[in-house]
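J.: Can you read through this structure? Questions will come right after.
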Amino acid sequence: RRSDIYSLGCTLYVLVTGRTPLEGKTALEIISKHQTEAMTPPELVVKRVPKALSAIVLKMTAKKAEDRYQSMDEV
C-alpha cells in the first residue's frame with residue numbers, strides 16, 4: 001500500500017512540475033537516488049504550486065515508508 005502511495009506521489013510530482021522527481025543516466029542511478037536523495041519540493045520547481053500540495057507530494061514520497069501516508073484515505 002505505501003509503495004503505491006510513493007509511486008502515485010512520483011506521478012503527481014511529474015504532473016505538477018513537468019519533470020521527473022529525480023534524474024540519472026541509467027535506471028540503476030535513478031533507483032539509487034530514489035533511495036538516498038531528497039526530491040526538490042515541487043513549489044521550488046514551479047512557483048505557482050501551492051505549498052500545501054507540495055507538502056502532500058513530499059509526504060507521499062518520503063524515503064521511509066512509516067513517514068508516508070498510511071492509506072489512500074489519509075492522502
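J.: Specify which of the listed residues (Ala65, Ala52, Ala38, Ala27) is modelled with pLDDT of 95 or more and under 26 Å from Arg1 (Cβ atoms).
T.: Ala52
J.: Just the residues that are in contact (Cβ under 8 Å) with a residue 24 or more places away in the chain and either over 18 Å from Asp73 (Cα atoms) or open to solvent by 60 Å² or more (accessible area, probe 1.4 Å) (or both), please, taken from the range 11-32.
T.: Tyr13, Val16, Thr17, Gly18, Arg19, Pro21
J.: Just to verify a result, which residue in the range 51-75, among those that are in a loop (DSSP other than H, G, I, E, B) and more than 14 Å from the chain's Cα centre (by Cα), is surrounded by the fewest Cβ atoms within 10 Å (Cβ to Cβ)?
T.: Asp73
J.: Find the residue count for the range 1-37, including only residues that are in a helix (DSSP H, G or I) and touching a helix residue (DSSP H, G or I) at 6+ places or on another chain (Cβ under 6 Å).
T.: The number of residues fulfilling the criteria is 7.
J.: Something else now. Out of the residues in the range 38-50 meeting the condition of being within 11 Å of the chain's Cα centre (by Cα) and part of a loop (DSSP other than H, G, I, E, B), tell me which one is farthest from Leu15 (Cα to Cα).
T.: Per the criteria, the residue is Ala38.
The values are calculated or read from the model by the stated rules, or taken from the named source; none is laboratory data. Here the structure is a predicted model, which means the values were calculated and not measured. FYI the Cβ positions are ideal-geometry reconstructions off the backbone, even for glycines, and counts take in every protein chain you see. Accessible surface is based on the protein model in full, side chains and every heavy atom, while ligands, DNA and RNA are left aside. Shrake-Rupley method; radii C 1.70, N 1.55, O 1.52, S 1.80 Å.
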